[in-house]
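Below is one structure; the comments refer to it alone.
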Amino acid sequence: MDHLLNEVRSLFGAGAMPSANALVNWDGFDQWDKEYAVKFYSGKTWKDVLAHNNKGGTAHKLEEWSVLCEPSLSYYGRAHLEYLFETADSVTPDDEFVSQFFHQLYQLVYMHKGSPFTASQTDLLVRIAKTLPLVAVERGVESLADDYVVHNIELYLEELTRVS
């Protein structure tokens, strides 16, 4: 999966850290999530968010991430994707994070009626979604191939197909 991680590094997290004003679109929807998103992501680089994810626990701010608008979504997406690769490669992966990450991707596609990412980013996310369970089985990491992880991966892929 190293080649996929290299692609993540070239396609996500680029550019300057988004300003607080550029994080969300104040359109009247998901106001609380957006307030929490601005509170959490404001003034943080994607590396800060990755460090937060690496501290452990379940407060990965994925719901807050999913209400960000472009380019903030892609910028901070790098932190969540890097953590996804780190945890998938660990002896005790954070399968809850992996499941929730793909659930939030599903939510993004559903809310935007398509992928909010570029075609290249979307293609990469699809390849990651299809590869992760196979690699988990090969490595004998059953938790990453459990029903609830695979279910959210499938929901994401099905929603992408449905809106295409």
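The values are calculated or read from the model by the stated rules, or taken from the named source; none is laboratory data. No experiment lies behind these values; they were computed from the predicted model shown. Here the Cβ positions follow ideal geometry from the backbone for every residue, glycine too, while neighbour counts run over all protein chains shown. Ligands, DNA and RNA are stripped out before the accessible areas are found, and what is left, the full protein with its side chains, is counted by its heavy atoms. Shrake-Rupley method; radii C 1.70, N 1.55, O 1.52, S 1.80 Å.
Quick notes
- Flag for residue 50 being in a helix (DSSP H, G or I) and crowded, with 21+ Cβ neighbours inside 10 Å: no
- For the residues 164, 99, 115, 120, the requirement of being closer than 25 Å to residue 55 by Cβ and either at pLDDT below 95 or touching a helix residue (DSSP H, G or I) at 6+ places or on another chain (Cβ under 7 Å) (or both) singles out 99.
Residues are listed down the side, and each one gets a yes or a no for (1) open to solvent by 10 Å² or more (accessible area, probe 1.4 Å); (2) not hydroxyl-bearing (Ser, Thr, Tyr):
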| position | (1), (2) |
| --- | --- |
| 35 | yes, yes |
| 62 | yes, yes |
| 72 | no, no |
| 76 | no, no |
| 79 | no, yes |
| 98 | no, yes |
| 111 | yes, yes |
| 117 | yes, yes |
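- Cross-chain or 6+ apart pairs with Cβ under 6 Å, segment 29-58 first and among the β-branched types (Val, Ile, Thr), then open to solvent by 70 Å² or more (accessible area, probe 1.4 Å) and outside any helix (DSSP H, G or I): 45/17
- Test set (1) open to solvent by 40 Å² or more (accessible area, probe 1.4 Å); (2) basic (Lys, Arg); (3) under 27 Å from residue 25 (Cβ atoms) - residue 55 fails condition number: (3)
- Of all residues in segment 137-163 being acidic (Asp, Glu) and part of a helix (DSSP H, G or I), the one that is most open to solvent (accessible area, probe 1.4 Å): 138
- Once segment 123-160 is narrowed to residues that are within 22 Å of residue 8 (Cα to Cα) and hydroxyl-bearing (Ser, Thr, Tyr), the residue that is nearest to the chain's Cα centre (by Cα) is 156.
- Summed over segment 81-96, the residues that are open to solvent by less than 30 Å² (accessible area, probe 1.4 Å) and part of a helix (DSSP H, G or I) give a count of 7.
- Residue satisfying condition, being more than 15 Å from residue 156 (Cα to Cα) and among the hydrophobic types (A, V, I, L, M, F, W, C), within set 119, 129: 119
- If you go through segment 59-80 and keep only what is in a loop (DSSP other than H, G, I, E, B) and touching a residue at least 60 places away in the same chain (Cβ under 8 Å), you end up with nothing.
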